[in-house]
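The values are calculated or read from the model by the stated rules, or taken from the named source; none is laboratory data. Remember, it's a predicted structure, so these values are computed and weren't measured experimentally. For neighbour counting, all protein chains shown are included, and Cβ atoms are generated from backbone atoms with ideal geometry for every residue, glycine included.
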Amino acid sequence: MNRNISLHIKVNENIKTQAEKILNKIGLTTTDAINVFLNKVVLSRSIPFELTVDDEDCYTCEYGYVHKPNKETLKAMKEGDKILKDLQDGKNVKTYKSAEELFKEIGV
């Protein structure tokens, strides 16, 4: 016989509130929605929807989380991508043998 257990999760308060408003309109509690989701995962043996990111400024880290960096970080990431492409294309790019060598040159 299957018995119910409690599942304690942490979610963003704003997302929870918005989701509950929508779920209430369709007659589901948050618990009902989570049970529907988990049953669908078991039946389909997968996440029951497509996970995509259309924003080119977002990236997925090694832990699977999607991040949207701030403008300064995004600029540095794009600069790093350009340097890497230049290196791969055989262009002459200033490189350093160590972080210490770089820090010494920039005065840090």
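Within the stretch 50-93, restricting attention to residues that are touching a helix residue (DSSP H, G or I) at 6+ places or on another chain (Cβ under 9 Å) and of a type in the set (Lys, Arg), which residue is modelled with the highest pLDDT?
Filtering the stretch 50-93 for residues that are touching a helix residue (DSSP H, G or I) at 6+ places or on another chain (Cβ under 9 Å) and of a type in the set (Lys, Arg), the one modelled with the highest pLDDT comes out as LYS91.
Restricted to the stretch 56-88, and to residues that are touching a strand residue (DSSP E or B) at 6+ places or on another chain (Cβ under 9 Å) and part of a loop (DSSP other than H, G, I, E, B), which residue is surrounded by the most Cβ atoms within 10 Å (Cβ to Cβ)?
The qualifying residue surrounded by the most Cβ atoms within 10 Å (Cβ to Cβ) is PRO69.
Quick one: in the stretch 89-108, which of the residues that are closer than 16 Å to GLU79 by Cβ and among the basic types (Lys, Arg) is surrounded by the most Cβ atoms within 10 Å (Cβ to Cβ)?
LYS91
Residue-by-condition table, conditions (1) outside any loop (DSSP other than H, G, I, E, B); (2) out of contact with any helix residue (DSSP H, G or I) (no Cβ under 7 Å at 6 or more places or on another chain):
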site: ASN4; (1), (2): no, yes
site: ASN14; (1), (2): yes, yes
site: LEU23; (1), (2): yes, no
site: GLU100; (1), (2): yes, yes
